[in-house]
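Please read the structure below before turning to the comments.
The values are calculated or read from the model by the stated rules, or taken from the named source; none is laboratory data. Bear in mind the structure is a predicted one, so any value in this text is a computation, not a measurement. Glycine gets a Cβ as well: all are built from the backbone with ideal geometry, and neighbour counts include every protein chain shown. Side chains included, ligands, DNA and RNA excluded: accessible areas come from the protein's heavy atoms. Shrake-Rupley method; radii C 1.70, N 1.55, O 1.52, S 1.80 Å.
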Amino acid sequence: MARNKLDTNDPHILHLAKLVSGPNAILYKQEDLLAYDCDGFTIERHLPRAVVFPNNTEEVAKIVKFCSENKLPFLARGAGTGLSGGAVPLNNEIIISLVRMKRLLEVDFENRRAVVEPGYVNLKLTNSIADKGYYYAPDPSSQYACTIGGNVAENAGGAHCLKYGVTTNHILGLEVVLPNGDVMEISPNGIADFPGYDLLGLLTGSEGTLGIVTKITVRILKNPEAKQTVLAYFDRVQDGSQAVSNIISAGIVPAALEMMDKVAIEGVEAAAFPVGHPKDIAAVLLIEVDGIAAGIDEQIQLILDVCKKSHVREVKVAEDEAERARWWANRKTGFGAMGAISPDYLVQDGVIPRSKLPEVLERIHKISEESGLRIANIFHAGDGNLHPLVLFDSRVPGDTEKAIRAGSACLKACADAGGSITGEHGVGIEKKEEMRFVFNDDEIKAQTDIRDVFNPDRLLNAGKLFPTPSRCAEMKQELKRPEHAK
Ligand SMILES: Cc1cc2nc3c(=O)[nH]c(=O)nc-3n(C[C@H](O)[C@H](O)[C@H](O)COP(=O)(O)OP(=O)(O)OC[C@H]3O[C@@H](n4cnc5c(N)ncnc54)[C@H](O)[C@@H]3O)c2cc1C
């Protein structure tokens with residue numbers, strides 16, 4: 001297809017345009033770039049230099065090689081749903097958008113795997129294989145929009161990751177364009193258990209700082225024979241939290257075990273998918289079990305008994321698939337639902353040992369009182385992955401800063417409880433200083449050393465994931481970097 005005529009004399013833009021085929025394959029005008037100044041972390045915005053839309057690995061490799069040779073900062077972008085600012089062009093980067101690489105390349109039911117391009121949307125994979133009785137397990141709530149390339153970069157999780165594991169547990173092979181433009185295949189036959197270092201594990205969750213993923217082999221699973229879903233309402237958050245621990249200690253591994261508190265319930269009931277949760281309730285649990293049909297009823301009975309012993313106010317089992325789907329829509333659209341009760345919200349993401357749920361939720365409550373900002377909690381309770389949503393109004397002077405401080409305090413509470421500062425949304429630019437809550441200087445240096453093996457010029461997604469250097473040695477290293485890459 002013909003290329004569009006470009007209205008610029010910028011030699012870099014003109015050259016990049018020649019490396020990609022098809023119409024509108026590069027954006028460079030300010031009005032077009034505005035849509036790329038942030039991702040789901042809307043607090044920090046910067047314009048990119050340009051956005052290029054390659055169609056295949058070869059084009060990605062050529063773009064990267066050109067950027068590398070000309071010392072132009074660049075980064076990869078999927079759907080831009082990331083919540084920690086990973087795809088924000090801090091350094092006026094060339095954004096390499098993978099949205100045109102969106103093909104399902106192969107499905108191998110016999111070996112239970114599929115090969116996709118990075119721009120393939122997560123939910124499309126399940127939808128494409130559902131008629132054969134298969135699905136792709138990692139199910140971030142953004143799965144209708146986010147790409148599998150972005151999921152790999154963030155090691156995305158989801159409601160059903162309690163039983164089935166996060167993205168890294170489902171990746172069997174990757175093709176990656178390295179920051180110098182070379183193409184590397186990791187486990188090309190989809191046999192993940194190769195000797196040597198676990199490069200699949202290293203690349204998965206590296207937040208787009210080690211290379212650009214251009215092909216992904218994933219594990220696909222057979223649909224469970226049966227599933228059942230329970231909704232349980234509690235008058236006290238502590239009772240809901242205790243029920244979570246009690247369900248797991250009873251020996252049940254639910255497929256999903258989700259919790260929402262009172263502020264979150266107010267939001268989801270005011271938004272597009274209300275299900276009639278009581279307004280005065282302190283916490284709701286959404287619990288799902290799946291597996292072979294034979295044992296499901298016993299597991300459900302056990303869950304009902306545990307809830308009753310944990311002072312549940314009301315507990316019910318979904319009557320049919322339609323009711324189950326309504327409950328899940330209500331939960332999965334929970335973040336966006338906060339827009340119904342607040343002009344702005346900051347999504348946080350910390351992990352804690354499950355047993356610390358009551359204590360940490362109490363601390364988050366205190367942070368809310370001290371900051372004067374409401375905090376809703378919608379989270380994967382079963383694996384201790386908290387999502388405090390700090391509600392604020394960016395039009396009120398000082399509110400944004402207050403929200404950032406409150407979010408950071410929530411992460412400190414998680415770290416102090418023996419947990420971590422991210423469960424699934426990554427560090428990006430948002431939490432890079434908070435990395436110091438969980439790593440000392442030596443531990444951070446060990447990681448930046450690894451990054452520098454792959455990305456020695458730090459042209460790829462610079463300024464993400466790691467805190468500003470604090471030690472002399474690190475500072476000197478940083479000073480050696482080209483000006484535009486800082
Ligand atoms: C409403 C909502 C709900 C969400 N729920 C969840 C949830 O339940 N679980 C969860 O884990 N996350 C969740 N997220 C966060 C987000 O959807 C995930 O982090 C997702 O994996 C990002 O995918 P993306 O395609 O949008 O990537 P982007 O936002 O475009 O990019 C994210 C990062 O990945 C890098 N990247 C993108 N593509 C590539 C590639 N091909 N190669 C190398 N690096 C790349 C980017 O440089 C950036 O650093 C949610 C977000 C929203 C808005």
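For the stretch 161-171, the candidate set comprises residues that are open to solvent by 30 Å² or more (accessible area, probe 1.4 Å) and not charged (D, E, K, R); within that set, the residue that is nearest to Asn385 (Cα to Cα) is Leu162.
In this structure, Glu69 does not qualify as of a type in the set (Asp, Glu) and open to solvent by less than 20 Å² (accessible area, probe 1.4 Å).
Among all residues of the stretch 65-78, there is at least one that is touching a strand residue (DSSP E or B) at 6+ places or on another chain (Cβ under 9 Å), away from the ligand (no atom under 13 Å from the Cβ), more than 20 Å from Val347 (Cβ to Cβ) and part of a loop (DSSP other than H, G, I, E, B).
Lys445 falls short of the stated requirement of being of a type in the set (D, E, K, R), open to solvent by 60 Å² or more (accessible area, probe 1.4 Å), out of contact with any strand residue (DSSP E or B) (no Cβ under 8 Å at 6 or more places or on another chain) and at pLDDT below 95.
Asp32: part of a loop (DSSP other than H, G, I, E, B) and more than 14 Å from Met101 (Cβ to Cβ), yes or no?
Details: part of a loop (DSSP other than H, G, I, E, B): no; more than 14 Å from Met101 (Cβ to Cβ): yes.
Considered against the rule, which asks whether it is part of a loop (DSSP other than H, G, I, E, B) and more than 14 Å from Met101 (Cβ to Cβ), Asp32 comes out as no.
All of Gly158, Gly181 fail the test of being within 30 Å of Ala337 (Cα to Cα) and either within 13 Å of the ligand (Cβ to nearest atom) or small (Gly, Ala, Ser) (or both), apart from Gly158. Taken as a whole, the structure places Thr333 among residues that are under 23 Å from the mean Cα position of the chain (by Cα), of a type in the set (S, T, N, Q) and within 25 Å of Lys163 (Cβ to Cβ). Would you check which residues across the stretch 293-333 are modelled with pLDDT of 95 or more, part of a loop (DSSP other than H, G, I, E, B) and surrounded by 13 or more Cβ atoms within 10 Å (Cβ to Cβ) and list them? If the condition is that a residue be modelled with pLDDT of 95 or more, part of a loop (DSSP other than H, G, I, E, B) and surrounded by 13 or more Cβ atoms within 10 Å (Cβ to Cβ), then Ser310, His311, Ala318 are the ones that fit.
Here Tyr136 meets each of (1) hydroxyl-bearing (Ser, Thr, Tyr); (2) open to solvent by 20 Å² or more (accessible area, probe 1.4 Å); (3) more than 11 Å from the ligand (Cβ to nearest atom) with one exception, condition (2). Against the condition crowded, with 17+ Cβ neighbours inside 10 Å, closer than 22 Å to Val107 by Cβ and either free of Cβ contacts under 8 Å to residues at least 60 places away in the same chain or within 13 Å of the ligand (Cβ to nearest atom) (or both), how does Pro188 come out, does it pass? Taking the combined requirement at face value, the residue does not satisfy it.
Yes or no, residue by residue, for (1) farther than 27 Å from Pro467 by Cα; (2) surrounded by fewer than 24 Cβ atoms within 10 Å (Cβ to Cβ); (3) touching a residue at least 40 places away in the same chain (Cβ under 8 Å):
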residue: Leu47; (1), (2), (3): no, yes, yes
residue: Pro54; (1), (2), (3): yes, no, yes
residue: Ala61; (1), (2), (3): yes, yes, yes
residue: Val64; (1), (2), (3): no, no, yes
residue: Asn92; (1), (2), (3): no, yes, yes
residue: Leu123; (1), (2), (3): yes, yes, no
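Applying the selection to the stretch 90-100, what residues are touching a strand residue (DSSP E or B) at 6+ places or on another chain (Cβ under 7 Å), in a loop (DSSP other than H, G, I, E, B) and closer than 19 Å to Pro456 by Cα? Working first, answer last.
Here is the first cut: in the stretch 90-100, the ones touching a strand residue (DSSP E or B) at 6+ places or on another chain (Cβ under 7 Å) are 93-98.
In the following step, the residues that additionally are in a loop (DSSP other than H, G, I, E, B) were identified as 93, 98.
Within the stretch 90-100, just Glu93 meets the criteria.
Among the residues of the stretch 94-108, those identified as open to solvent by 60 Å² or more (accessible area, probe 1.4 Å) and in contact (Cβ under 8 Å) with a residue 60 or more places away in the chain are Arg100, Leu105. Within the option set Arg374, Arg363, being farther than 30 Å from Val253 by Cβ, surrounded by 16 or more Cβ atoms within 10 Å (Cβ to Cβ) and of a type in the set (Lys, Arg) holds for one residue only, Arg374. Considering only residues in the stretch 417-442 that are among the charged types (D, E, K, R) and not in a loop (DSSP other than H, G, I, E, B), the one that is surrounded by the fewest Cβ atoms within 10 Å (Cβ to Cβ) turns out to be Asp442.
Only a single item in (1) of a type in the set (A, V, I, L, M); (2) more than 8 Å from the ligand (Cβ to nearest atom); (3) at pLDDT 95 or above is not met by Val237, and it is number (3). Just wondering, is there one or more residues in the stretch 79-90 that are touching a Leu at 6+ places or on another chain (Cβ under 7 Å) and either closer than 24 Å to Lys464 by Cβ or surrounded by 20 or more Cβ atoms within 10 Å (Cβ to Cβ) (or both)? Scanning the stretch 79-90 turns up at least one residue that is touching a Leu at 6+ places or on another chain (Cβ under 7 Å) and either closer than 24 Å to Lys464 by Cβ or surrounded by 20 or more Cβ atoms within 10 Å (Cβ to Cβ) (or both). With respect to the numbered conditions (1) under 24 Å from the mean Cα position of the chain (by Cα); (2) open to solvent by less than 10 Å² (accessible area, probe 1.4 Å), which one is the sole condition not fulfilled by Lys215? Every condition holds for Lys215 apart from (2). Just one of the listed residues (Leu465, Leu411, Leu459) is buried (at least 17 other Cβ atoms within 10 Å of the Cβ), at positive phi and not assigned by TED's automatic domain parsing to the domain that holds Pro73, namely Leu465.
When the stretch 248-285 is filtered for residues that are open to solvent by 30 Å² or more (accessible area, probe 1.4 Å), of a type in the set (D, E, K, R) and under 18 Å from Ser310 (Cβ atoms), only Lys262 remains.
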